[in-house]
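*Asks:* Below you'll find the structure I mean.
The values are calculated or read from the model by the stated rules, or taken from the named source; none is laboratory data. These numbers come from a predicted model, not from an experiment. Neighbour counts are summed over all protein chains in view; Cβ atoms, including those assigned to glycine, are modelled from backbone coordinates with ideal geometry. Ligands, DNA and RNA are excluded from the accessible area calculation, which covers all protein heavy atoms including side chains. Shrake-Rupley method; radii C 1.70, N 1.55, O 1.52, S 1.80 Å.
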Amino acid sequence: PSGCGKTTVARILRKKLKCSDSDFVEINASEERGIEMVRDIKKRMGFAPINGASRVWLIDEAHAMTSDAQNAFLKFLEDTPPHVYFMLATTDPDKLKKTIITRSTEIRFKEISLDELKKLIDSVCQAEKVALSDSVIDKIAETAEGSARKCLVILHSVIGIQDETQQIAAIESNDTKRQAIEICKALTNPRTTLTLMAA
């Protein structure tokens, strides 16, 4: 799922692999997804690490790589230098070639539980010296839909608002699922006037 910590865990793992900042490359495959990206990796992967013990490439949204790029990338996985690691983060693993997946160590992530999201909110509130009611914390956790990133975005929109009613309203403005349901209801009701406003 989106926002559950895939990229964050990859960044933690690269530190465990003693990979320095100068030897760590993060690529967003939804922006750089073609054969040129793979050629650039090929040019650089043979070099020894500059400061650490390893070189790490984190390819985020790896499923967005083109078919040609995936085929070329597959050759790297078959003959990777011992100091090189590739980490592929994706929200849609079915779009990756099976030959890539079978050559990888697969770590599956799942949506974060409500209890864990509430703990996250509590820890941030304590660090920021902010007090929120249990009902507001519950509402944030529910609206986040298992995503730590979305949870923190919603929490940020609430911090600084003193009135609980306004806090709930701010949370609901981030509730895309609820908004989609309301739009569907409006569209199926011929008596409803639908007003769409830009944020």
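*Asks:* May I ask for the net charge around L77, where only other residues with Cβ less than 11 Å from the Cβ of L77 are counted and Lys, Arg are +1 while Asp, Glu are -1?
*Replies:* That sum, taken over residues with Cβ under 11 Å, equals +1.
*Asks:* Taking region 96-165, which trypsin sites (Lys or Arg not before Pro) meet the DSSP loop condition and have no more than 15 other C-beta atoms within 10 Å?
*Replies:* K97, R103, R108, K110, K129
*Asks:* Then there is this: Karplus couplings for region 54-69 from phi (6.51 cos²θ - 1.76 cosθ + 1.60, θ = phi - 60°), rounded to Hz, Gly and Pro as x?
*Replies:* Along region 54-69, the couplings run 8, 10, 10, 10, 9, 9, 7, 6, 4, 5, 7, 4, 5, 4, 5, 5 Hz.
*Asks:* Here is a follow-up. So what are the ³J(HN,Hα) numbers for region 7-23, from phi and the Karplus equation (6.51, -1.76, 1.60; θ = phi - 60°), rounded to whole Hz, Gly and Pro as x?
*Replies:* Computed from phi, the couplings for region 7-23 are 5, 4, 5, 4, 5, 5, 4, 5, 5, 5, 7, 6, 9, 6, 4, 6, 9 Hz.
*Asks:* With a bin width of 10 angstrom, please list the P(r) values of region 73-168 as percents of all Cα-Cα pairs, from the 0 bin to the one holding the largest distance.
*Replies:* Spelled out bin by bin, region 73-168 gives 13, 34, 17, 19, 13, 3 percent.
*Asks:* How about region 1-46: which trypsin sites (Lys or Arg not before Pro) there are in a DSSP loop, with at most 15 other Cβ atoms within 10 Å of their Cβ?
*Replies:* K18
*Asks:* Cross-link candidates for K129: which lysines have Cα within less than 25 Å, leaving aside residues fewer than 8 places away along the same chain?
*Replies:* Answer for K129, where 25 Å is the Cα cut-off: K118, K119, K139, K150, listed by chain and number.
*Asks:* Sticking with this one: In the full protein assembly as shown, how much of E32 is accessible to a 1.4 Å probe, in Å² to the nearest 10?
*Replies:* The accessible area of E32 comes to roughly 100 Å².
*Asks:* Further question on the same structure: Given a cut-off of under 8 Å on Cα pairs at least six residues apart, what relative contact order in percent is computed for the chain?
*Replies:* This gives 19 percent for the chain.
*Asks:* Then there is this: Report, by chain and number, residues whose modeled amide H sits under 5 Å from the one on I27, excluding near sequence neighbours (fewer than 5 apart, same chain).
*Replies:* For I27, the qualifying residues are L58, I59, D60.
*Asks:* Let me ask something additional. For the chain, build the charge dipole from Cβ charges (+1 Lys, Arg; -1 Asp, Glu) around the Cα centre, then report which of Q167, S67, I12 sits farthest towards its positive end.
*Replies:* The Cα lying farthest towards the positive end belongs to S67.
*Asks:* List the chymotrypsin sites (Phe, Trp or Tyr not before Pro) within region 23-61 that DSSP assigns to loop and that have no more than 14 neighbouring Cβ atoms inside 10 Å.
*Replies:* F47
*Asks:* Can you pick out the pairs among K18/K110; K6/K97; K18/K43; K75/K97; K75/K110; K43/K95 whose Cα atoms lie more than 24 Å from each other?
*Replies:* K18/K110; K75/K110; K43/K95
*Asks:* For the chain, compute Rh as the Kirkwood radius over C-alpha pairs and then the Stokes-Einstein diffusion coefficient at 10 °C and 1.306 mPa s; write the answer in µm²/s, rounded to an integer.
*Replies:* The calculation lands on 80 µm²/s.
*Asks:* Okay, moving on. Viscosity 1.002 mPa s, temperature 20 °C: what is the translational diffusion coefficient of region 118-177 from Stokes-Einstein with a Kirkwood Rh over Cα pairs, rounded to a whole number of µm²/s?
*Replies:* After rounding, the answer is 192 µm²/s.
*Asks:* What's the angle, to the nearest 10 degrees (0 to 90), between helix 148-158's Cα axis and the longest principal axis of the chain?
*Replies:* 40
*Asks:* From the phi angles alone, apply the Karplus equation (6.51, -1.76, 1.60; θ = phi - 60°) to region 27-40 and give each ³J(HN,Hα) in whole Hz, x where the residue is Gly or Pro.
*Replies:* Karplus-based 3J(HN,Hα) across region 27-40 equals 10, 8, 5, 6, 9, 10, 10, x, 5, 4, 4, 5, 5, 5 Hz.
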